[in-house]
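K.L.:
There's a structure below that I have some questions on.
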Amino acid sequence: MSISNLFYIDDTGINYPDYPTLLAQIQSQLQDIFGDDINLDADSQDGESTAIITQAIYDTMQIAVMTYNAYSPQFAL
């Protein structure tokens, strides 16, 4: 499953994953590339860089959701 399957717009509106789901997806994709023995623990260099990248993607998704919702009178700020 790719990240685009987690972030989409349908009849119910815009949908995006929570941070732990997104982190698990990215970790899974990295394990597919580098193998299951890659150390993605929070205290490892790979784990820390993965968390930074995941947070950037998650923040971007939240900005996209706020922008999408700004066009609705129900959710606009």
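K.L.:
I'd like the full set of residues that are part of a strand (DSSP E or B) and either within 8 Å of the chain's Cα centre (by Cα) or modelled with pLDDT of 90 or more (or both), limited to the stretch 11-22.
P.N.:
Of the residues in the stretch 11-22, the ones part of a strand (DSSP E or B) are 13-15.
Within the stretch 11-22, Ile14, Asn15 meet the criteria.
K.L.:
Please specify each residue of the stretch 40-59 satisfying the condition of being closer than 22 Å to Gly13 by Cα and either open to solvent by 90 Å² or more (accessible area, probe 1.4 Å) or touching a residue at least 24 places away in the same chain (Cβ under 8 Å) (or both).
P.N.:
Hits for the stretch 40-59 are Ile57, Tyr58.
K.L.:
I want to confirm something. Restricting to the stretch 1-10 and keeping residues that are in contact (Cβ under 8 Å) with a residue 12 or more places away in the chain and not in a loop (DSSP other than H, G, I, E, B), which single residue is surrounded by the fewest Cβ atoms within 10 Å (Cβ to Cβ)?
P.N.:
Restricting to residues being in contact (Cβ under 8 Å) with a residue 12 or more places away in the chain and not in a loop (DSSP other than H, G, I, E, B), the top hit is Ile9.
K.L.:
Right, here's the next one. Being among the hydroxyl-bearing types (Ser, Thr, Tyr) and part of a helix (DSSP H, G or I) is the filter; apply it to the stretch 34-56 and report the residue that is farthest from Pro17 (Cα to Cα). Even if it seems obvious, please write down each step before you answer.
P.N.:
Filtering the stretch 34-56 down to residues among the hydroxyl-bearing types (Ser, Thr, Tyr) leaves 44, 49-50, 54.
Within this subset, residues satisfying the condition of being part of a helix (DSSP H, G or I) are 49-50, 54.
Numbers: Ser49: 20, Thr50: 16, Thr54: 11 Å.
Within the stretch 34-56, the match that is farthest from Pro17 (Cα to Cα) is Ser49.
K.L.:
Could you tell me whether any residue of the stretch 13-23 is closer than 19 Å to Phe75 by Cβ and of a type in the set (Gly, Ala, Ser)?
P.N.:
Yes, the stretch 13-23 contains at least one residue that is closer than 19 Å to Phe75 by Cβ and of a type in the set (Gly, Ala, Ser).
The values are calculated or read from the model by the stated rules, or taken from the named source; none is laboratory data. Since we're looking at a predicted model, the values are computed, not measured. Counting neighbours? That spans all protein chains shown, and the Cβs are built from the backbone with ideal geometry, glycine included. Heavy atoms of the whole protein, side chains included, go into the accessibility calculation; ligands, DNA and RNA do not. Shrake-Rupley method; radii C 1.70, N 1.55, O 1.52, S 1.80 Å.
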